Amino acid sequence: MFRISALALAMSLAAPVASATTILFNDFSSVAGLQLNNAAAAATDGSSRSVLRVTPSQFNQAGSAFSTTAVTLGANVSFSTKFAFNFNGQRAGGADGLVFVVQTVSNTAGGIGGGIGYLGLPNSVGIEFDNWNNGGGDGNSDNHVGIDINGSVSSVALNTALPVTLDSGTDLFAWIDYDGNTDQLEVRLSGTNSRPAASLLAYNVDLAAVLGTPNAFVGFTSGTGAAAANHDVISWEFRDTFAPVDLPEPMSLTLLGVALASMGLARRHRA
Ligand SMILES: [Ca+2]
Ligand SMILES: [Ca+2]
Ligand SMILES: [Ca+2]
């Protein structure tokens, strides 16, 4: 009797969790499901990869790419996302960066240059990866990550001590998680495809109030000015609940499952 219940429990612990993934681009060989605005386009990068080039390395551009249909976000507009990106082909120093955006329309690209394609988008939150120093609002940094609200590029939270160089031309990896139950927005960034334990930025914000609706369009904006770069998204996963991508399963559950299975086996041998 015990053996059966223990094995059943072990099996239930090992059962796959229902996926909350609503958007998944392993590459951008097809951009179906995305609305591309202004300068944004599918492109082939220097490694022959099919990428989403939100702005090309040309001066004074703005571009954006958003889901063509609204995503209904989870409890209190919770979400989790991960993407790989690469800034390359820099001209005059490389500018102005890439912003991951959650907003209530799909067809906009905001201001060029230091606006990073995000300036002026109402009812939105943006997580900016900014490779050009526009002064005090950028913390006098040309290599920072910020959290932006309602179309302002004067970030409400800023990290100017990144573990990577945005203009390195190498693939970078970002994880963004919002738990609407705690209102906590967390940003992680790495030069390797391994989710850091510690967040780079954490900020408390009531996104349900900012957006005014659980139905959101999610995607990216970018801009260039008197300096430019190819701002490429390499891959992208978005989940409509708080379900952090690449979060290891709790070790205790795995060990418990192994322990219970072993106990069942031991009892069978004794029988
Ligand atoms: Ca730069
Ligand atoms: Ca800037
Ligand atoms: Ca900035």
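Which one of the conditions (1) more than 16 Å from ligand 3 (Cβ to nearest atom); (2) surrounded by fewer than 19 Cβ atoms within 10 Å (Cβ to Cβ) does L34 fail to meet, given that it meets all the rest?
So L34 meets the others, but not (2).
Would you be able to tell me the number of residues in region 135-152 that are in a loop (DSSP other than H, G, I, E, B) and within 15 Å of ligand 1 (Cβ to nearest atom)?
Within region 135-152, residues that are in a loop (DSSP other than H, G, I, E, B) and within 15 Å of ligand 1 (Cβ to nearest atom) number 6.
Look at G137 and say whether it is modelled with pLDDT under 95 and near ligand 3 (Cβ under 8 Å from one of its atoms).
So G137 fits the description; yes.
Between V125, V101, V105, which is more than 11 Å from ligand 3 (Cβ to nearest atom) and closer than 18 Å to F173 by Cα?
One residue alone meets the criteria, V101.
When you look at S106, is it buried (at least 24 other Cβ atoms within 10 Å of the Cβ) and of a type in the set (S, T, N, Q), yes or no?
No: the conditions fail for S106.
Mind listing whichever residues of region 111-156 are surrounded by 24 or more Cβ atoms within 10 Å (Cβ to Cβ), within 27 Å of D183 (Cβ to Cβ) and touching a residue at least 60 places away in the same chain (Cβ under 8 Å)?
Hits for region 111-156 are I116, G117, Y118, L121, S124, V125, G126, I127, F129.
Among the candidates R49, R3, single out the residue that is more than 24 Å from G180 (Cβ to Cβ), among the charged types (D, E, K, R) and modelled with pLDDT under 95.
From the options R49, R3, the qualifying one is R3.
Which one of these does G63 not meet: (1) away from ligand 3 (no atom under 16 Å from the Cβ); (2) touching an Asp or Glu at 6+ places or on another chain (Cβ under 8 Å); (3) in a strand (DSSP E or B)?
(2)
If only one of A161, A84 is surrounded by fewer than 22 Cβ atoms within 10 Å (Cβ to Cβ) and assigned to a strand (DSSP E or B), which one is it?
Being surrounded by fewer than 22 Cβ atoms within 10 Å (Cβ to Cβ) and assigned to a strand (DSSP E or B) holds for just one of A161, A84, which is A84.
Just the residues that are more than 20 Å from T104 (Cα to Cα), touching a residue at least 24 places away in the same chain (Cβ under 8 Å) and β-branched (V, I, T), please, taken from region 41-91.
Answer for region 41-91, where residues must be more than 20 Å from T104 (Cα to Cα), touching a residue at least 24 places away in the same chain (Cβ under 8 Å) and β-branched (V, I, T): V51, T55.
The values are calculated or read from the model by the stated rules, or taken from the named source; none is laboratory data. In this text, all values refer to a predicted model and were calculated from it rather than measured experimentally. Glycine gets a Cβ as well: all are built from the backbone with ideal geometry, and neighbour counts include every protein chain shown.
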